[in-house]
Structures are given as structure tokens and as C-alpha cells.
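> Dumping the structure here so I can ask a few things about it.
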Amino acid sequence: MIKRTARRLERVEFSEANQKLRKLADVEALRQWTRGKVSSIYSFDLLAGHSCPFAKDCRSRAVETETGRKVVDGRFTQFRCYAASQEARLSNVYNKRKRNWDTLRDLCRDRSINAKYVAMVLADSMPFAGLIRIHSSGDFFNFKYFKAWVIIARQNPAMRFYCYTKAIRFVERYESEVGSLPDNLKITASRGGKDDHLITPETPEAVVVYSEAEAEAKGLEIDHDDSHAATGGQKFALLIHGTQPAGSDAQRAIVALKGGK
């Protein structure tokens, strides 16, 4: 385990498993880490979009206005990030993720602070868990922050960490400059970003599809419960969900999936 420091001013907050992650407790292949208990599953989240420098197709973020918050889509957005819609709608979700984002962004901007220190800040708040999803919202926003999570995974071999990321360049850079990633950290490339050219036939990846037929045509299984990502090493599809931009193909797909025309 990472050694806890006696004095720490910075604090971040992990989240208990949401409805989707709770299903992982029933996945036999993950029982080594979950023990079949929902209480052993957590996530760590940052503000969607704000912390996703390599997002493209799904780039959207919740922004504060005089009357509340609204979702702002990116220039190339094809489908809206579900997490951004959550943050626009739910103040407690937005505030928790914003505190995490503000804290870690400021730490990583400080050149006097290294990845090991950032890892200790995360470890100080990390709950007793067996399975942690890194970012049900947000992404690795710089290399220092990415290395911090690798440190945590390496120092906690009895735990399983997993994530989706569009920051594929950080994975390549780490393997080139430092070495192989720990076996208990499962990373799935999230297609639809600025680093898609780095995805190879061997790269585990997730592709958003607009229908079951599209997934079948691509030869991909649909992951309905995050089990494909949590077990790692696979290529699979994620079915479009959430509120989508009006008049977009994504919105029409949502209507069709709900049985509309």
C-alpha cells in the first residue's frame, strides 16, 4: 500500500458504485476483487469535458451560467457525454467532481509537485475497496496525473483498477519511457478522440454504436454492465444513451432505441 502521510491539506472524494457499476458484483470473473459485494466497488470522477483534452466525438461539458448550469457541446461533438448531462442537472454530482478537478488540476500545474505526491493525495482519500473505476466521468488530463494512477495501481496489487481513456498517448509514453503497466490496471481506449490513430488491432477499445445492429455489423459485443472494460483486453461496443443534441443522429438513435419512430 502507499504510505499515508501524517499531514495533508488537499482532499478528493471517491464515489460509491452507481447503478451500472453495482452490476459488477455479480460478474464471476471479477469476484476475486469484488467478493460479490457492491460495497467493494467505487469510482473516482472529474468534471466531464473540462478534464478531457483529447475528446472529440463526445466532447461536451457542464458550464455555470447566471441561472444555473447548461451543457455546451464541442465543435465536433457527434454524441453528448452522459456525464456532462448529469453534471448540468445534479448539483451534488457537479460539485463533487468540480472539487476533485480543481484540486488535481492545481496540483498537476505545480512544477514542484511530482506524480508520487499526487498519488498520495489520491491514496489519502481512497476507500477500502477491491474494484475501482477510474473516471466514470473525466479522463487523464496530463501525464503527471496518469503516472499517479499507475503508482497507485502498482502499490495496491490486491485491487483491480480499470478505465476508458482517450488519452492513449499517455499509455504509449509511459510504456516507452518507464516500462510496462501493472497487470491490475486495465485500460480500454475510447474511440472517438484525437488519439484514434494510436489504436491498433491489438488495443483494447470501446466504440459507441447507435443500435444493436450496428454493433453486430462491426462484430462487437455490447457491454451493458462495464464487465468487458473491468476484465480488460477486449474490443467491444457501448450503446448510445443519455440526452443527445436536438436533431442529431444520436438523438434519433435514442428515440429508435426507446421504440419511437
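> If I filter the range 156-167 for residues that are farther than 28 Å from R22 by Cβ, out of contact with any His (no Cβ under 7 Å at 6 or more places or on another chain) and of a type in the set (S, T, Y), do I get at least one hit?
To start, the set of residues in the range 156-167 that are farther than 28 Å from R22 by Cβ comprises none.
Checking the range 156-167: not a single residue is farther than 28 Å from R22 by Cβ, out of contact with any His (no Cβ under 7 Å at 6 or more places or on another chain) and of a type in the set (S, T, Y).
> To continue, here is another question. Quick one: is A148 under 16 Å from the mean Cα position of the chain (by Cα), of a type in the set (G, A, S) and farther than 17 Å from P53 by Cα? So that I can check it myself, show each step before the final result.
Working: under 16 Å from the mean Cα position of the chain (by Cα): yes; of a type in the set (G, A, S): yes; farther than 17 Å from P53 by Cα: yes.
In short, yes.
Yes or no, residue by residue, for (1) without any contact (Cβ under 8 Å) to a residue 24 or more places away in the chain; (2) over 28 Å from R160 (Cα atoms); (3) surrounded by fewer than 19 Cβ atoms within 10 Å (Cβ to Cβ); (4) not basic (K, R):
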site	(1), (2), (3), (4)
S43	no, no, no, yes
A48	no, no, no, yes
C52	no, no, no, yes
A55	no, no, no, yes
R59	yes, no, no, no
A62	no, yes, no, yes
G68	yes, yes, yes, yes
R75	yes, yes, yes, no
F79	no, yes, no, yes
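> Name the single residue that is least open to solvent (accessible area, probe 1.4 Å) among those in the range 143-159 being in a loop (DSSP other than H, G, I, E, B) and of a type in the set (A, V, I, L, M, F, W, C).
Applying the first criterion (in a loop (DSSP other than H, G, I, E, B)) to the range 143-159 yields 156-159.
Those left that are additionally of a type in the set (A, V, I, L, M, F, W, C): 158-159.
Working: A158: 84, M159: 15 Å².
The qualifying residue least open to solvent (accessible area, probe 1.4 Å) is M159.
> Could I ask something else about it? Among Y117, Y162, which is open to solvent by 20 Å² or more (accessible area, probe 1.4 Å) and over 16 Å from S51 (Cβ atoms)? Don't jump to the end; show me each part of the working.
On the way: Y162 fails: open to solvent by 20 Å² or more (accessible area, probe 1.4 Å).
When all the criteria are applied, what remains is Y117.
The values are calculated or read from the model by the stated rules, or taken from the named source; none is laboratory data. Not measured: the values here are computed from a predicted model. When we count neighbours, we look across all protein chains shown, and the Cβ atoms used for this are built from the backbone with ideal geometry, even at glycine. When the accessible area is computed, the model is the full protein with side chains, heavy atoms only, and any ligands, DNA or RNA have been set aside. Shrake-Rupley method; radii C 1.70, N 1.55, O 1.52, S 1.80 Å.
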